[in-house]
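Enquirer: Got a structure for you, questions after.
The values are calculated or read from the model by the stated rules, or taken from the named source; none is laboratory data. Since we're looking at a predicted model, the values are computed, not measured. With ideal geometry, Cβ positions are generated from the backbone for all residues, glycine too; neighbour counts draw on all protein chains shown.
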Amino acid sequence: MTTEHSHATPASIADAIGQALATAIAERGTALIAVSGGRSPIPIFHALRSRPLDWSRVTVALVDERWVAPDHPDSNERLVRSELLVDRAAAAAFVPMKNAAADARGGQPGCEAAYRALPRPLDIILLGMGEDGHTASLFPDAPELRAGLETDALTIAVTPPAAPHQRLSLTLSAILASRRIILPISGAAKRATYQAALSPGPVEAMPIRAVLRQGGTPVELWISD
């Protein structure tokens, strides 16, 4: 089930996320959110980090991560710490994916254990989508794609066919086990990708289809002008 919101802004998306986190805290005492990296979420992070929540009851995790040092320019952990976990949001807890293992495959068991220790299910996922139809680090043509779509594990090591760096990613089952998915879309290229994903075709060609075609977890598409 996908709901479309047009004329989205970083503030309106942050409002929706903030309300979901506040509801989770009120109902269960804690809130758990997983966020994506890249440039697109940064304005949302900036709008969200000053929201008047009890951030000490919020845990922030990652949707995926490049297997680089936490201070590397390509690190999602670095991005989240510098762009989201400041201001009021500095009080939130953070669970990284990257650990001391030499590569993503070696680090997956430790990451899996850390994520299984979280108070799941995730209350909200701020998901992303690439112009090739990938989501999280579930890339078309990645050798691990089928496993990422079918496994019951929460995380999987992925070797992207074109993008740099080994990755760790939430699996499809972990994404769909969340209470709510928010998927921001901006720009003509991303809107064209979304329309293509709605057309018939294999999930393996555009993994975002696996999220859009399911009916169990609410998906909110926030479309910017």
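Enquirer: So which strands (runs of 3 or more DSSP E) stay within segment 58-138 end to end and still have 2 or more residues that are aliphatic (A, V, I, L, M)?
Expert: On the way: elements: 58-62, 64-66, 93-95, 124-126.
In segment 58-138, 58-62, 93-95, 124-126 are the strands (runs of 3 or more DSSP E) which contain 2 or more residues that are aliphatic (A, V, I, L, M).
Enquirer: Taking only segment 139-165 into account, find how many residues are assigned to a helix (DSSP H, G or I) and either within 17 Å of the chain's Cα centre (by Cα) or of a type in the set (Gly, Ala, Ser) (or both).
Expert: Within segment 139-165, the subset assigned to a helix (DSSP H, G or I) is 145-150.
Narrowing further to those that are either within 17 Å of the chain's Cα centre (by Cα) or of a type in the set (Gly, Ala, Ser) (or both): 145, 147-149.
Residues that pass the stated criteria total 4.
Enquirer: Give segment 166-195 a look and list any residue that's under 21 Å from ARG146 (Cβ atoms), part of a helix (DSSP H, G or I) and of a type in the set (A, V, I, L, M, F, W, C), or say none.
Expert: If the condition is that a residue be under 21 Å from ARG146 (Cβ atoms), part of a helix (DSSP H, G or I) and of a type in the set (A, V, I, L, M, F, W, C), then LEU172, ALA174, ILE175, LEU176 are the ones that fit.
Enquirer: Follow-up question, since we're still on this one. Taking segment 2-29 only, how many residues are out of contact with any strand residue (DSSP E or B) (no Cβ under 7 Å at 6 or more places or on another chain), exposed (fewer than 13 other Cβ atoms within 10 Å of the Cβ) and under 22 Å from GLN195 (Cα atoms)?
Expert: Residues that pass the stated criteria total 1.
Enquirer: What number of residues in segment 39-62 are at pLDDT 95 or above and either under 22 Å from THR155 (Cβ atoms) or buried (at least 17 other Cβ atoms within 10 Å of the Cβ) (or both)?
Expert: Applying the first criterion (at pLDDT 95 or above) to segment 39-62 yields 41-62.
Checking which are either under 22 Å from THR155 (Cβ atoms) or buried (at least 17 other Cβ atoms within 10 Å of the Cβ) (or both) leaves us with 41, 43-45, 47-49, 51, 53, 55, 57-62.
Of the residues in segment 39-62, 16 are at pLDDT 95 or above and either under 22 Å from THR155 (Cβ atoms) or buried (at least 17 other Cβ atoms within 10 Å of the Cβ) (or both).
Enquirer: Can you tell me which of (1) touching a residue at least 12 places away in the same chain (Cβ under 8 Å); (2) more than 19 Å from ILE17 (Cβ to Cβ); (3) part of a loop (DSSP other than H, G, I, E, B) is the one ARG209 doesn't meet?
Expert: (3)
Enquirer: For residues in segment 100-109 being buried (at least 16 other Cβ atoms within 10 Å of the Cβ) and of a type outside the set (Gly, Ala, Ser), which is farthest from THR30 (Cα to Cα)?
Expert: In this case the residue turns out to be ARG105.
Enquirer: Moving to a separate point now. Which residue out of GLU83, GLU65, GLU77 is surrounded by 16 or more Cβ atoms within 10 Å (Cβ to Cβ), over 21 Å from ALA177 (Cβ atoms), acidic (Asp, Glu) and within 13 Å of the chain's Cα centre (by Cα)?
Expert: Values: GLU83 fails: within 13 Å of the chain's Cα centre (by Cα); GLU65 fails: over 21 Å from ALA177 (Cβ atoms).
Testing whether each residue is surrounded by 16 or more Cβ atoms within 10 Å (Cβ to Cβ), over 21 Å from ALA177 (Cβ atoms), acidic (Asp, Glu) and within 13 Å of the chain's Cα centre (by Cα) leaves just GLU77.
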